[in-house]
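Chemist: Following this message is one structure expressed as structure tokens.
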Amino acid sequence: MGLLDWFRKRKKPPAAPGPSLKEIWQGFQQVLAANNEALIIMGDLEEKLSGRDGFDLAYLRNCIASLDQHVARLVAALRRMSGDRWPELENSRVRILEEIHRRLEERPPFPASPLLVRLEEAGPELYPALGGKAGNLARVKNELGLPVPEGVVATISAYKLFMEQRLPGEEATLLARLQERLAGLDLGDEGLVGLAARELQALVLAQPIPAELAEAMVAEARRLAATVPEGALLAVRSSGIREDIAATFAGQYETFLGVAPEEAPERWRQVVASQFGDRALFYYHSQGLILEEAAMGVLIQRLVSAQAAGVMFTTDPEACDPDRMIISAGWGLAADLVGGEVSADEYVVSKESGQPKEARVGRKEYRLALEDGRLARQAVPEELVAAPALEPADLARLAAYARVLDAHCGCPHDVEWVKDGQGEIYVVQSRHLFLADVRERCAVEIGQAAAGAEALLSEARIGSQGMAAGPVFHLRDLNRLGEVPPGVVLVTPRTVPRLAPVLPRIAALVTDVGSATGHLTLVAREYGVPALVDTLQAGQVLPEGEMVTVDAYHGKVYRGRVEELLRLAPRRSSHLLNMPLYEKLRAVVELIAPLTLVDRRSPDFRPENARTYHDITRFTHEKSIQVMFGLMDEVAAGKVPALRLLKLKTNLPLNLHVVDLGDGLASHYTPVPPEDILSVPMKALWKGISTPGISWAGPVPVNLGGFLQVLGQSAIRPPEQFWDKTYAIVGANYVNYACRLGYHFQSVDSYCGPVATDNYINFTFKGGAADDVRRIRRIRFLATILEKLGFDMEIHHDMIRARFRKRPMAETEERLDLLGRLMAYARQMDMLMSDDNIPLVLAERFLAGHYERPG
């Protein structure tokens with residue numbers, strides 16, 4: 001036997017069996033379910049991009065993990081139901097997931113630097129290593145030449161050295177243990193956050209400071225103290241990597257004043273630990289910052305012996321005039337002033353001229369000052385209590401500082417300043433000032449809308465602009481922050497920073513004492529919470545539980561909801577959109593939500609071209625419907641093992657056989673009566689097919705030309721059987737109906753259920769007995785009707801494909817009913833198409849409900 005004969009006699013291995021009908025149906029149901037879940041998560045992630053709802057990195061990770069599970073189920077279900085026709089789809093999923101994780105876990109590198117850097121020696125290349133606050137001061141001192149007290153910064157490198165040490169007696173580093181405790185922490189639960197904060201801070205405070213770092217800090221602290229002949233105490237202040245850059249962090253971290261040089265290392269560690277306090281954790285979460293990226297520089301400065309101190313806003317954030325700046329001032333150091341504990345002088349100054357426009361002198365009954373080497377609250381002499389803390393020359397000098405700062409950066413600043421006993425004014429903090437968009441406010445005469453409303457408070461100081469209404473809630477015990485309900489107008493004695501965690505959930509803030517330049521009002525402005533401060537009487541005149549409207553444009557509180565005011569209030573855009581967490585969200589959503597596989601007819605509609613998860617869901621959904629649509633041909637060809645065929649009982653000339661997928665029929669005795677159809681789409685389709693008044697039997701009135709055309713076509717291609725079999729595969733919410741009737745073929749593939757996004761109808765019609773011209777006219781007739789019914793269509797010669805998708809269940813059922821009527825009405829209609837006007841005439845008759853045949 002020759003080699004050729006041997007090859008001829010070899011038997012081909014049997015083909016692997018394809019998926020069964022039931023497996024295909026189950027896969028299709030899995031595709032629909034997983035597709036909906038994936039789209040819900042995609043929609044939620046896109047909604048988060050609006051900035052209206054906060055979230056954290058743990059939420060983002062969980063969302064992506066859940067989304068990938070659903071997408072993986074989609075891909076697996078399509079593989080099962082199609083016999084693995086598109087294996088490249090899984091490769092695309094894995095590729096996209098890997099890139100998502102890379103973007104999600106990407107971290108900005110710690111800037112390299114020495115452990116300690118003196119402010120006066122810091123160049124621009126070192127600013128990032130100093131943290132936000134110290135980096136800003138180095139710029140003010142070295143580039144702008146404004147007076148800044150001498151200082152040294154323990155850099156981000158010092159923080160990294162401390163954090164990457166192993167815990168005593170353990171293999172894990174401090175950083176790893178902190179991140180482990182933070183992972184999965186529910187920042188919406190105040191009790192859990194408080195407990196976690198205590199644990200985290202205890203870990204930091206128990207960690208030894210590296211000897212080289214502690215010794216270097218003490219040496220530099222002694223150098224700073226020696227710059228003053230009588231010796232000086234120090235200030236140790238936070239300089240977080242995002243502080244005063246992405247957000248103010250006003251009052252969220254610890255500051256220590258009156259520190260001896262030998263105490264500097266321990267105060268440094270306490271500042272680092274304050275990064276994990278409950279206030280700071282809440283702030284990180286609510287500001288769209290990423291806890292895992294937290295890092296702390298610490299500024300050690302000579303403490304200025306202050307005659308007066310305060311805050312300067314180089315532009316009034318609540319006014320429309322860029323020349324209008326605000327300066328607040330008090331005796332001694334400014335810690336209580338910025339903490340909202342005391343009233344202060346407030347000046348409105350022209351930035352250009354330095355001349356005061358307005359002045360309000362507050363009662364300053366005590367001051368913070370050094371006493372025996374320690375900070376103490378001292379009573380202010382009676383003659384100074386109501387005396388101004390600044391002279392006109394001081395105001396002019398601060399205005400000159402403001403012009404330099406604003407010209408350098410092109411934006412307004414929030415500046416803390418100190419005046420010493422010799423009259424020198426130092427800048428001790430400078431950051432960009434968050435401004436609300438006041439342009440709309442300037443264009444709206446809000447005051448006129450309040451005509452007739454009863455004012456409970458007038459002429460209050462505006463801390464943060466806005467308009468809100470809610471019931472009054474008095475908070476007198478700061479240890480009961482967890483009891484503050486959402487949506488209230490919170491009334492408190494003072495604007496202390498400890499109130500910051502409740503700001504995101506209240507409607508407005510009103511206080512008896514406080515400053516418009518204090519830490520809490522800065523944070524309220526970041527959150528967009530209306531705030532009135534220094535009212536002196538809110539606690540007495542605003543009754544508990546009373547519904548009020550806060551007008552933080554004009555410093556008023558009205559009784560009840562003043563709808564005219566609330567309607568006029570401009571909406572602020574969310575400042576969160578520029579925060580690091582939202583930048584990361586945008587980077588991730590770029591790989592999730594956009595749709596690039598748009599045209600299913602394009603040759604580029606291929607699984608390997610999927611660039612996003614949305615592309616994968618689109619491809620999978622499209623191809624799963626394609627598999628279902630071709631299912632009848634697969635069954636007829638014997639490629640898919642079918643279940644039992646059941647004949648439907650009907651007087652219509654339809655040789656209709658039904659395959660039940662398990663829940664589409666009430667009985668399985670043949671013939672099955674139509675009333676036993678449980679399938680929602682099949683029941684709707686059958687209702688149309690069997691509509692009274694549509695004739696399926698008997699002669700069709702035709703003209704002689706049309707009849708001769710049919711005879712001619714019959715001689716060329718006679719049908720095997722004029723009344724061929726019609727099949728329907730049915731499930732509770734699914735039908736695949738294929739009818740070969742005479743010379744034409746029509747099919748319907750539909751899913752119809754309670755979830756609108758799942759629902760679809762695919763309809764195909766092809767062929768006919770007449771010539772090409774008449775068949776094409778019938779296609780025009782069908783297209784006219786289907787377009788009116790809201791179908792999308794493709795037409796190729798004498799074939800039409802139409803799609804109706806993602807509509808509610810009742811609407812989909814109605815279209816299936818009409819489609820059933822149309823299939824019956826269009827039977828042999830090609831023979832009537834004697835001229836180009838007939839398609840439109842017959843379409844109008846059908847849409848009007850006239851189903852009798854003309855002639």
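Chemist: Search region 129-159 for residues being over 28 Å from residue 61 (Cα atoms) and β-branched (Val, Ile, Thr), and hand back the single one that is surrounded by the most Cβ atoms within 10 Å (Cβ to Cβ).
Modeler: 153
Chemist: Considering each of 176, 138, 158 in turn, give the residue that is without any contact (Cβ under 8 Å) to a residue 40 or more places away in the chain, closer than 30 Å to residue 227 by Cα and outside any loop (DSSP other than H, G, I, E, B). Explain how you work it out, then say what you get.
Modeler: Values: 176 fails: closer than 30 Å to residue 227 by Cα; 158 fails: without any contact (Cβ under 8 Å) to a residue 40 or more places away in the chain.
Going through 176, 138, 158 in turn, just one is without any contact (Cβ under 8 Å) to a residue 40 or more places away in the chain, closer than 30 Å to residue 227 by Cα and outside any loop (DSSP other than H, G, I, E, B): 138.
Chemist: Of all residues in region 352-377, how many are more than 18 Å from residue 334 (Cα to Cα) and modelled with pLDDT of 85 or more?
Modeler: Count: 8.
Chemist: Another question about this same structure. Residues to consider are 57, 49; find the one that is surrounded by 21 or more Cβ atoms within 10 Å (Cβ to Cβ) and on the phi < 0 side of the Ramachandran plot.
Modeler: Result of the check over 57, 49: 57.
Chemist: Another question, then. Just for region 252-278: of the residues that are over 18 Å from residue 241 (Cβ atoms) and either charged (D, E, K, R) or at pLDDT below 85 (or both), which one is least open to solvent (accessible area, probe 1.4 Å)?
Modeler: The qualifying residue least open to solvent (accessible area, probe 1.4 Å) is 263.
Chemist: Another question, if that's okay. Would region 419-434 turn up any residue that is more than 26 Å from residue 310 (Cα to Cα), surrounded by fewer than 23 Cβ atoms within 10 Å (Cβ to Cβ) and modelled with pLDDT under 85?
Modeler: no
Chemist: Okay, next question. Determine whether residue 500 is out of contact with any Cys (no Cβ under 8 Å at 6 or more places or on another chain) and at pLDDT below 85.
Modeler: Spelling it out, residue 500 is indeed out of contact with any Cys (no Cβ under 8 Å at 6 or more places or on another chain) and at pLDDT below 85.
Chemist: Restricting to region 179-230, and then to whatever is polar (S, T, N, Q) and in a helix (DSSP H, G or I), can you tell me which residue is most open to solvent (accessible area, probe 1.4 Å)? Working first, answer last.
Modeler: Just the residues of region 179-230 that are polar (S, T, N, Q), to begin with: 179, 201, 207, 227.
Retained after the next criterion (residues that are in a helix (DSSP H, G or I)): 179, 201.
Numbers: 179: 74, 201: 54 Å².
By that ranking, first place goes to 179.
Chemist: So for region 793-810 (the condition being among the acidic types (Asp, Glu) and open to solvent by 30 Å² or more (accessible area, probe 1.4 Å)), does at least one residue qualify? Working first, answer last.
Modeler: The first filter runs over region 793-810 and keeps only residues among the acidic types (Asp, Glu), leaving 794, 798.
From the residues that got through so far, the ones that are open to solvent by 30 Å² or more (accessible area, probe 1.4 Å) too are none.
Within region 793-810, none of the residues are among the acidic types (Asp, Glu) and open to solvent by 30 Å² or more (accessible area, probe 1.4 Å).
Chemist: From the list 790, 849, pick out the single residue that is at pLDDT 85 or above, over 48 Å from the mean Cα position of the chain (by Cα) and of a type in the set (Gly, Ala, Ser).
Modeler: Exactly one of 790, 849 is at pLDDT 85 or above, over 48 Å from the mean Cα position of the chain (by Cα) and of a type in the set (Gly, Ala, Ser), namely 849.
Chemist: When only residues in region 87-128 that are within 30 Å of residue 145 (Cβ to Cβ) and among the charged types (D, E, K, R) count, which is most open to solvent (accessible area, probe 1.4 Å)?
Modeler: 125
Chemist: Let me ask another. Report yes if some residue within region 549-558 is open to solvent by less than 10 Å² (accessible area, probe 1.4 Å), touching a residue at least 40 places away in the same chain (Cβ under 8 Å), in contact with a strand residue (DSSP E or B) (Cβ under 9 Å, 6 or more places away or on another chain) and basic (Lys, Arg); otherwise report no.
Modeler: Scanning region 549-558, I find no residue that is open to solvent by less than 10 Å² (accessible area, probe 1.4 Å), touching a residue at least 40 places away in the same chain (Cβ under 8 Å), in contact with a strand residue (DSSP E or B) (Cβ under 9 Å, 6 or more places away or on another chain) and basic (Lys, Arg), so the answer is no.
Chemist: Report, by residue number, each residue of region 797-836 that is assigned to a loop (DSSP other than H, G, I, E, B), within 23 Å of residue 767 (Cβ to Cβ) and not hydroxyl-bearing (Ser, Thr, Tyr).
Modeler: Step one: of region 797-836, the residues assigned to a loop (DSSP other than H, G, I, E, B) are 797-798, 806-808, 826-828, 833-836.
When the remaining residues are screened for being within 23 Å of residue 767 (Cβ to Cβ), the result is 797-798, 826-828, 833-836.
Within region 797-836, 797, 798, 826, 827, 828, 833, 835, 836 meet the criteria.
Chemist: In this structure, does residue 617 turn out to be crowded, with 21+ Cβ neighbours inside 10 Å and either in a loop (DSSP other than H, G, I, E, B) or modelled with pLDDT of 85 or more (or both)?
Modeler: yes
Chemist: Can you name the residue in region 484-502 that is in contact (Cβ under 8 Å) with a residue 60 or more places away in the chain and of a type outside the set (Lys, Arg) and is also surrounded by the fewest Cβ atoms within 10 Å (Cβ to Cβ) among such residues?
Modeler: 496
The values are calculated or read from the model by the stated rules, or taken from the named source; none is laboratory data. Everything numeric in this text was worked out from a predicted model, so none of it was measured. All Cβ positions, even for glycine, are placed from backbone atoms using ideal geometry, and neighbour counts span all protein chains on display. Calculation scope for accessible area: heavy atoms of the full protein, side chains included, ligands and nucleic acids excluded. Shrake-Rupley method; radii C 1.70, N 1.55, O 1.52, S 1.80 Å.
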